[in-house]
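This report refers to the structure that appears directly beneath it.
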Amino acid sequence: MCGIVGYIGNREAYPIVLKGLKRLEYRGYDSAGIALINDQKVKVYKKQGKVADLEETLLGVNLHSHIAIGHTRWATHGEPSDANAHPHLSPSGKIAMIHNGIIENYLPIKKELLAKGYSFQSETDTEVLLCFIEDIQTCNQCNLEEALRIALRRIVGAYCLLLIDEENPETIIAARKGSPLVIGIGKNEHFLASDASPIIEYTKEVVYVKDYEIAIVKKDELVLKNLGNENQTPFIIQLDLDLAAIEKGGYDHFMLKEICDQPQTIHDCLRGRLDADTGQITLSGIQEYLEEIIRANRIIIIACGTSWHAGLVAEYIFEELCRIPVEVEYASEFRYRNPIIHLGDIIIAISQSGETADTIVAIEKAKEQGAIILGVVNVVGSTIARISHAGAYTHAGPEIGVASTKAFTGQLAVLMLMALKIGNAKKTIDQEKYQLLCKELSKVPDKVAEILLQEKRIKEIAIKYKSARDFLYLGRGYNFPIALEGALKLKEISYIHAEGYPAAEMKHGPIALVDEHLPIVFIATNDTFHSKIISNMQEIKARKGKIISIITDGDETASEISDDFIAMPWMNEIFAPIINVIPLQLLAYFIGTENGHDVDKPRNLAKSVTVE
Ligand code: AGP
């Protein structure tokens, strides 16, 4: 998720675009750049780092122009670097382009262009698309708008593009599919951006460009067309949001936005990797080590916090599907022990930030002893991504809320893909089950969206129990790590003490805690252990504990025992964790907000623990 800003009008363009980029830095912040036209030439200024770093390098530079486009990057293809920063220049140097999105079929297009003799300055899909557009313009002798239209019919993926062309210095051309684009309408000026936050201080009249539309924007004219070159009527709306609300997409907090973004972020994580119809799983980031992984005698998963919970889920899934022994280690413990690592052991290091100090040191320790490191990371080009031998990104986009939500389900999606791919390669999953599980995994985004419709019901449950002083979270098998994760979410957001436990462990001591004041959250969706967890619920009921349960739709046995329940769509138990965590995220969020806490920045916590 990147930030895009454009301006064309009578004012100086640079200050407007720069300020707009600063408003969008929450969308991505590993590099930034601006392109403008002065002295009849396209000029591009870009660098790795924050917008303020770019601004510093431009002090004293002649940036006079009434047209400019700017970009703040969240890397997906190509690590953060000056070369990979946007805007990119076309081979002729006459056209500059910025892009938010992912071009999935850029590699075959790049191969065609390389065969034609083109070369590339960056590793990005964006530069390939721009070169493709200019090549079409040259071969077809057509204008930039027509060349763009032809190119967009060929590419697969998501995009929001802004282009400026020194041969048409009065026009910004834009296009969108899957990534947002808003155009603000001023007096003899237009503002373009990924959301309205850079626009709202200048105008409240905006047009939300629709998928497959191309916008031709002059200071005093806005033309919208579809890919069939037919004019579309711009639908102008009057904004009534304030700046803070816009940055959060209209949600009260980034945490709620990120919880509700999960159908899209899980889809983004699976996109281009899982073809449920054919059962084809593409994980190019581990392909080089697939043989070693298949032959591995052991997998050790190293992580902290919520990422460690993702590792626990992976332990159950990898042992079931791949029949490889798995150990899950707290990085903070592993790094100080004298662990026994065998040559060829596979380490999976899981980290949203890719900068957690304990995990980094643990990786280095394992690497010294000959282990192969696979990183499962959200931040492209982060330290853990760079020191791993291979890996896969979770593509969840920047996670602003300190409590990890969409990054966690992104981790689970990647780990589920890995387990399926490795199990299929090892033939430890029969083909029928493999095909079924691929289809199950592809349905997760829709099932998460279905669960989110229960937000109001979950809020009511949160209000009912918000004053409890302690909670217990109980689950079995694949759902045991989700009990731990639900408890952690509640602790870090509401400051209420909560413990996660294997449900069967209650009789070994914790059941002494149970009385009429103690809410117990059971993750009790239909699975192999269902009858046993029903017994655990009855043991709690007999002791007057208050039961909140996560159950499968239609489970009357569990709903009758529960004081409150949240019904989930059926999901194969192996992948149930990725949907069962959703109501627990919402429960923690609403208990935190109902108790008046700043859930995006909980006390004592940091988003990335880069110290011991
Ligand atoms: C999760 O809600 C917490 N904020 C925390 O436990 C986090 O998961 C942990 O610090 C690990 O961070 P990482 O995934 O960036 O390595």
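The values are calculated or read from the model by the stated rules, or taken from the named source; none is laboratory data. If you're wondering where the values come from, they're calculated on a predicted model, not measured in any experiment. Glycine also receives a Cβ, built like all others from the backbone with ideal geometry; neighbour counts cover every protein chain displayed. Surface areas here come from the heavy atoms of the whole protein model, side chains and all, with no ligands, DNA or RNA. Shrake-Rupley method; radii C 1.70, N 1.55, O 1.52, S 1.80 Å.
Specify which of the listed residues (ILE317, ILE348, ILE387) is among the aliphatic types (A, V, I, L, M), within 16 Å of the ligand (Cβ to nearest atom) and closer than 28 Å to GLN431 by Cβ. Don't jump to the end; show me each part of the working.
Numbers: ILE317 fails: within 16 Å of the ligand (Cβ to nearest atom); ILE387 fails: closer than 28 Å to GLN431 by Cβ.
So the residue among ILE317, ILE348, ILE387 that is among the aliphatic types (A, V, I, L, M), within 16 Å of the ligand (Cβ to nearest atom) and closer than 28 Å to GLN431 by Cβ is ILE348.
When the range 402-413 is examined, which residues are found to be more than 11 Å from the ligand (Cβ to nearest atom) and part of a loop (DSSP other than H, G, I, E, B)?
The answer is none; no residue qualifies.
Every residue in the range 454-482 that is within 15 Å of the ligand (Cβ to nearest atom) and in a helix (DSSP H, G or I), please.
Taking the range 454-482 first, the residues within 15 Å of the ligand (Cβ to nearest atom) are 473, 481-482.
If the condition is that a residue be within 15 Å of the ligand (Cβ to nearest atom) and in a helix (DSSP H, G or I), then PRO481, ILE482 are the ones that fit.
Is there any pair with a first residue in the range 7-32 that is assigned to a strand (DSSP E or B) and a second that is of a type in the set (S, T, N, Q) whose Cβ atoms are under 8 Å apart and which are 6 or more apart or on different chains, and what are they?
If the second residue must be of a type in the set (S, T, N, Q), the pairs left are ILE8/THR171; SER31/GLN48; SER31/THR72; SER31/SER81; SER31/ASN84; ALA32/THR72.
Taking the range 173-221 on its own, how many of its residues are in contact (Cβ under 8 Å) with a residue 40 or more places away in the chain and over 29 Å from the mean Cα position of the chain (by Cα)?
Result for the range 173-221: 10.
Being over 19 Å from ILE458 (Cβ atoms) and part of a helix (DSSP H, G or I) is the filter; apply it to the range 538-558 and report the residue that is farthest from the chain's Cα centre (by Cα).
Selected residue: ALA542.
Looking only at the range 297-307, filter to residues that are within 14 Å of VAL609 (Cα to Cα) and not β-branched (Val, Ile, Thr); which one of those is surrounded by the fewest Cβ atoms within 10 Å (Cβ to Cβ)?
Going through the range 297-307, the residues within 14 Å of VAL609 (Cα to Cα) turn out to be 303-307.
Filter again for not β-branched (Val, Ile, Thr), leaving 303-305, 307.
Working: ALA303: 29, CYS304: 21, GLY305: 24, SER307: 25.
Among those residues, the one meeting the criterion is CYS304.
Only one of (1) under 22 Å from the mean Cα position of the chain (by Cα); (2) over 30 Å from ILE293 (Cα atoms) fails for ILE496. Which number is that?
(1)
Checking TYR495 against (1) touching a residue at least 40 places away in the same chain (Cβ under 8 Å); (2) buried (at least 18 other Cβ atoms within 10 Å of the Cβ): exactly one of these is not met. Which one?
Condition (2) is where TYR495 drops out.
Restricting attention to the range 351-377, and to residues there that are within 14 Å of the ligand (Cβ to nearest atom) and in a loop (DSSP other than H, G, I, E, B), which single residue is modelled with the highest pLDDT?
GLN352
Report, by residue number, each residue of the range 483-503 that is within 16 Å of the ligand (Cβ to nearest atom), of a type in the set (A, V, I, L, M, F, W, C) and part of a helix (DSSP H, G or I).
ALA483, LEU484, ALA487, LEU488, LEU490, ILE493 - these are the residues of the range 483-503 that are within 16 Å of the ligand (Cβ to nearest atom), of a type in the set (A, V, I, L, M, F, W, C) and part of a helix (DSSP H, G or I).
Those residues that are more than 16 Å from the ligand (Cβ to nearest atom) and open to solvent by less than 20 Å² (accessible area, probe 1.4 Å), I need them from the range 320-331; list them, please. Walk me through it before giving the result.
Quick first cut of the range 320-331, residues more than 16 Å from the ligand (Cβ to nearest atom) only: 320-327.
Answer for the range 320-331, where residues must be more than 16 Å from the ligand (Cβ to nearest atom) and open to solvent by less than 20 Å² (accessible area, probe 1.4 Å): LEU321, CYS322, ILE324, VAL326.
Considering only the range 393-401, I want to know if a residue exists there that is within 16 Å of the ligand (Cβ to nearest atom) and of a type in the set (Phe, Trp, Tyr). Show your work before the answer.
Applying the first criterion (within 16 Å of the ligand (Cβ to nearest atom)) to the range 393-401 yields 393-401.
This time we only want the ones that are of a type in the set (Phe, Trp, Tyr), so: 393.
Among the residues of the range 393-401, at least one is within 16 Å of the ligand (Cβ to nearest atom) and of a type in the set (Phe, Trp, Tyr), which makes the answer yes.
Going by the conditions given, is ILE387 touching a residue at least 12 places away in the same chain (Cβ under 8 Å), surrounded by fewer than 21 Cβ atoms within 10 Å (Cβ to Cβ) and aliphatic (A, V, I, L, M)? Can you show your working first?
Values: touching a residue at least 12 places away in the same chain (Cβ under 8 Å): yes; surrounded by fewer than 21 Cβ atoms within 10 Å (Cβ to Cβ): yes; aliphatic (A, V, I, L, M): yes.
The answer is yes for ILE387.
Being out of contact with any Asp or Glu (no Cβ under 8 Å at 6 or more places or on another chain), surrounded by fewer than 24 Cβ atoms within 10 Å (Cβ to Cβ) and modelled with pLDDT of 90 or more is the filter here, so list the residues in the range 1-13 that pass it.
We begin by selecting, within the range 1-13, every residue out of contact with any Asp or Glu (no Cβ under 8 Å at 6 or more places or on another chain); these are 1-2, 4-6, 12-13.
From the residues that got through so far, the ones that are surrounded by fewer than 24 Cβ atoms within 10 Å (Cβ to Cβ) too are 1, 12.
Result: GLU12, single match.
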